[in-house]
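See below for the structure under consideration.
The values are calculated or read from the model by the stated rules, or taken from the named source; none is laboratory data. In this text, all values refer to a predicted model and were calculated from it rather than measured experimentally. Here the Cβ positions follow ideal geometry from the backbone for every residue, glycine too, while neighbour counts run over all protein chains shown. Only protein heavy atoms, including side chains, enter the accessible area calculation; ligands, DNA and RNA are left aside. Shrake-Rupley method; radii C 1.70, N 1.55, O 1.52, S 1.80 Å.
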Amino acid sequence: MTQALETPPGTKALSGIRVLDMTHVQSGPSATQLLGWLGADVVKVEAPTGDITRKQLRDIPDVDSLYFTMLNCNKRSVTLNTKTPRGKEILTELIRRSDIMVENFGPGAIDRMGFTWEKIQEINPRIIYASIKGFGEGPYTNFKAYEVVAQAMGGSMSTTGFEDGPPLATGAQIGDSGTGIHAVAGILAALYQREATGRGQRVNVAMQHAVLNLCRVKLRDQQRLASGPLAEYPNEDFADDVPRSGNASGGGQPGWAVRTAPGGPNDWVYVIVQPVGWKPLTAMIGRPELADDPEWATPEARLPKLSKMFQLIEEWTSTIPKWEVLEKLNAHNIPCGPILSTKEIIEDASLAANDMVVEVPHPERGSFTTVGSPLKLSDSPVDMVTSPLLGEHNEEVYAGELGLDVEELRLLKSNGVI
């Protein structure tokens with residue numbers, strides 16, 4: 001029997017791993033923040049003017065925005081003008097000392113700096129170089145990519161919304177942060193493979209591809225259309241592509257959002273009707289006779305009448321507050337969930353208890369609330385560290401680790417290199 005090794009105190013899953021973070025805005029920073037939460041030393045390299053999101057959507061004048069702080073915890077910040085000869089030399093040294101490099105510039109931007117994959121391999125054959133782009137190779141390669149553009153081109157928007165309405169974007173940032181999570185999966189796989197090969201490798205993730213991966217069930221349904229209409233959808237008419245189907249689950253068990261009292265914008269509950277839940281549901285909604293009615297008793301009988309079924313359920317739920325609806329449904333193990341507003345989420349005691357909504361002190365703004373790590377590792381707890389100020393770690397990294405002297409640091413700053 002193999003004896004388990006005891007984890008040294010303070011060790012994290014990625015302790016000892018250095019990440020050179022050359023990302024900005026959201027898709028890249030969301031990936032590198034996850035790596036930081038897992039214990040990697042993430043050094044964020046910013047232009048002397050800083051990541052653009054430091055100044056975007058500010059709620060307090062002259063202080064880093066929540067847009068920046070919420071995507072850049074657990075990182076160190078250095079400034080560097082990589083267009084200057086000395087800046088390129090310093091970047092070379094940073095690459096040499098890193099295990100992972102992540103960037104999400106436009107296509108070819110890093111190459112134009114003089115740092116092709118071949119050059120980076122020469123500098124550090126063990127480095128894992130991850131790039132996040134909007135699209136893969138092909139006609140879309142040089143398209144500018146934004147969150148909702150990725151949703152549009154990855155299959156999400158055409159299948160989101162109601163049948164008689166326009167395509168809709170989802171509030172979940174599946175194009176940006178969703179791609180960041182995919183990038184982390186690739187990076188960790190490459191890091192693991194390096195243990196066997198001793199070599200680093202290239203990791204490429206496209207936003208369109210990540211959204212498409214998250215929309216795979218819609219491509220499942222696209223192929224099922226060849227056999228006829230999709231009975232699990234509430235739509236009456238089907239063309240040759242998957243329609244927008246409102247709040248339908250589209251899966252094996254029908255679901256829908258039903259209104260609750262008193263009828264506010266988020267007074268809704270999502271209910272899924274499993275076969276075993278039909279009888280107790282009929283009793284709760286005051287229609288017990290439907291439990292054994294051949295027109296309603298089986299899932300096959302109910303499929304053509306999904307809209308009517310959820311209308312009957314909503315006639316009951318609309319008279320009761322959503323938390324009471326939840327209590328009644330859960331008493332019979334009926335799958336359901338309240339539509340939680342952002343205010344309810346940020347005030348949710350259980351999310352706070354699970355370190356998913358956390359308060360982080362900040363040296364300039366006082367404190368801010370952010371989303372905690374959804375990755376819970378028993379031997380690698382997350383210590384949330386506030387986002388860095390611009391260039392906060394210049395001296396620590398450049399002098400303390402690269403060995404630059406104080407006079408050179410002063411000159412680099414006055415010359416606009418850092």
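Worth a mention:
- Breaking point among (1) open to solvent by less than 50 Å² (accessible area, probe 1.4 Å); (2) within 27 Å of GLY252 (Cα to Cα); (3) assigned to a loop (DSSP other than H, G, I, E, B), for GLN173: (1)
- Filtering the range 196-214 to residues that are β-branched (Val, Ile, Thr) and closer than 16 Å to MET157 by Cβ leaves only VAL211.
- Every condition in (1) open to solvent by 80 Å² or more (accessible area, probe 1.4 Å); (2) touching a residue at least 60 places away in the same chain (Cβ under 8 Å) is met by ASP240 except one, and the failing one is (2).
- Residue match in the range 9-30 (condition: modelled with pLDDT under 95, more than 29 Å from ILE346 (Cβ to Cβ), in a loop (DSSP other than H, G, I, E, B) and not small (Gly, Ala, Ser)): yes
- Selection count, the range 383-406, where residues are part of a helix (DSSP H, G or I) and touching a residue at least 24 places away in the same chain (Cβ under 8 Å): 4
- Pair list, Cβ < 7 Å and 6+ apart or interchain, from the range 324-353 residues that are more than 10 Å from VAL271 (Cα to Cα) and without any contact (Cβ under 8 Å) to a residue 40 or more places away in the chain to residues that are open to solvent by 60 Å² or more (accessible area, probe 1.4 Å) and aliphatic (A, V, I, L, M): LEU351/ILE345
- Qualifying positions in the range 347-361 - buried (at least 17 other Cβ atoms within 10 Å of the Cβ) and either part of a helix (DSSP H, G or I) or out of contact with any helix residue (DSSP H, G or I) (no Cβ under 7 Å at 6 or more places or on another chain) (or both): LEU351, VAL358, VAL360
- For LEU409: the one exception among (1) of a type outside the set (Val, Ile, Thr); (2) in contact with a helix residue (DSSP H, G or I) (Cβ under 9 Å, 6 or more places away or on another chain); (3) outside any strand (DSSP E or B); (4) open to solvent by 50 Å² or more (accessible area, probe 1.4 Å): (4)
- Restricting the range 383-395 to residues that are under 21 Å from LEU38 (Cβ atoms) and over 20 Å from the mean Cα position of the chain (by Cα), the residue that is most open to solvent (accessible area, probe 1.4 Å): HIS393
- Qualifying positions in the range 256-305 - open to solvent by less than 30 Å² (accessible area, probe 1.4 Å) and assigned to a strand (DSSP E or B): ALA257, VAL258, ALA261, VAL269, VAL271
- Any hit, the range 224-235, residues being over 30 Å from GLN121 (Cβ atoms), surrounded by fewer than 18 Cβ atoms within 10 Å (Cβ to Cβ), more than 28 Å from the chain's Cα centre (by Cα) and hydroxyl-bearing (Ser, Thr, Tyr): yes
- Residue, nearest to THR179 (Cα to Cα), within the range 134-147, restricted to residues that are surrounded by 17 or more Cβ atoms within 10 Å (Cβ to Cβ) and touching a Gly at 6+ places or on another chain (Cβ under 8 Å): GLU147
- Against the numbered list (1) open to solvent by 60 Å² or more (accessible area, probe 1.4 Å); (2) part of a helix (DSSP H, G or I), GLY186 comes up short only at (1).
- Answer from ILE90, ILE110 - the residue that is outside any loop (DSSP other than H, G, I, E, B) and in contact with a strand residue (DSSP E or B) (Cβ under 6 Å, 6 or more places away or on another chain): ILE110
Yes/no per residue for (1) closer than 30 Å to PRO85 by Cα; (2) over 28 Å from the mean Cα position of the chain (by Cα); (3) modelled with pLDDT under 95; (4) outside any strand (DSSP E or B):
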| residue | (1), (2), (3), (4) |
| --- | --- |
| ILE313 | no, yes, no, yes |
| GLU327 | no, yes, no, yes |
| GLY337 | no, no, no, no |
| ILE345 | no, no, no, yes |
| PHE368 | no, no, no, no |
| SER378 | no, no, no, yes |
| PRO381 | no, no, no, yes |
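- Within the range 24-33, tally of residues that are of a type in the set (A, V, I, L, M) and either surrounded by 24 or more Cβ atoms within 10 Å (Cβ to Cβ) or farther than 22 Å from GLN56 by Cα (or both): 1
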